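Presented below is the structure to which this report refers.
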Amino acid sequence: MNAPLLKLHVAPDLVDQVYQALLGAISDGTLAPGARITQEDLARQLSVSRQPVLQALRLLKQDGLVLDAPGRGVLVAPLTAEGTAAVYQVRGALDALAARLAAQQRAQLDAKLVERGRKAARGRNVQAMIEADAAFHNAVYAAARNPLIARSAHLHWAHIRRAMGAVLQASSQRETVWGEHAAIAEAIAAGDAARAERLMHEHDARASEHITRHLDAAIGAEARHNA
């Protein structure tokens, strides 16, 4: 008879904690596009050793969220309208597929997702708005019953969060989005796959146009200020 395996006492994954902390700071603009960051500074601010910071930065570099900087450290990747539009093209295709598959299952999404989203949209907490939006889309991914969709969308959401964080505070479309989400949820619950797919595609196209337009304006204003 084989000897029993020893129980492992696993501490929380520090690398993932550092990664999530840096991802959040990049998403909400605390670490601004173009900002130079070093392992030493981050380790000191997060009260950790340099090793988990190094590993987290490698993951962020793979995600395209940080770039090698001349000399020491890395730079937070620039946020561009063109890059954001490209991300939305891919995410839009994944979202539309997820909505179609979820409708084929006649999935009933939790009504509280839309309620929380509407509440967040009426407030001023941008991070809460982003989390509510991501929660709705993640629920559609789960309802599609194809785990590859969520895995594929994960990387794109990291970039989408940055763009949303840059424009949501001043956006006039925050509550309109949740009317669109509610219509998508209704089409999914009704099993209308074609309608769910179309509504999701239109929703993502409008979001892309709105966010990239605001990014273009913000980038242009910054360029004029620095001229």
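The values are calculated or read from the model by the stated rules, or taken from the named source; none is laboratory data. Everything numeric here is computed off the predicted structure, so don't read it as measured data. Glycine also receives a Cβ, built like all others from the backbone with ideal geometry; neighbour counts cover every protein chain displayed. Each accessible area value is taken on the protein alone, full model and side chains, heavy atoms only, with ligands, DNA and RNA left out. Shrake-Rupley method; radii C 1.70, N 1.55, O 1.52, S 1.80 Å.
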Item to check | Solvent accessible area, Å² - residue 30, 1.4 Å probe, full protein context | outcome: 110 Å²
Checklist outcome for this item: The base-10 log of I(q)/I(0) that the Debye equation returns for region 30-134 at q = 0.17, 0.22 Å⁻¹, one scatterer per C-alpha, is -1.01, -1.15
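What does the charge count around residue 96 come to, taking other residues whose C-beta lies under 11 Å from its C-beta (Lys +1, Arg +1, Asp -1, Glu -1)? Don't skip to the answer; put the middle values down first.
Values: positive: 91, 100, 198; negative: 95, 197, 202, 204.
Once positives and negatives cancel, what remains is -1.
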Item to check | Karplus-derived 3J(HN,Hα), 6.51/-1.76/1.60, for each residue of region 185-194, Hz, glycine and proline x | outcome: 4, 5, 5, 5, 5, 7, x, 8, 5, 5
Next on the checklist: Which of 71, 123, 191 ends up with the largest GNM mean-square fluctuation for the chain, with Cα atoms connected below 10 Å?
Outcome noted: 71
Next on the checklist: Order 109-121, 154-166 from most to least packed using the mean count of other Cβ atoms within 10 Å.
Outcome noted: 154-166, 109-121
Checklist outcome for this item: Short to long, in 5 Å steps from zero, the percent of alpha-carbon pairs of the chain per bin is 1, 7, 13, 16, 16, 14, 12, 9, 6, 4, 2, 1, 0, 0, 0, 0
Checklist entry - For the chain, with every protein chain kept in place, what is the accessible area per residue (1.4 Å probe, Å²)? => result 56 Å²
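Tally up the carbon and sulfur contribution to the accessible surface of the chain as a whole percent, 1.4 Å probe, everything protein left in place. Please list the in-between numbers first.
Details: 7000 of 12790 Å².
Carbon and sulfur together cover 55 percent of it.
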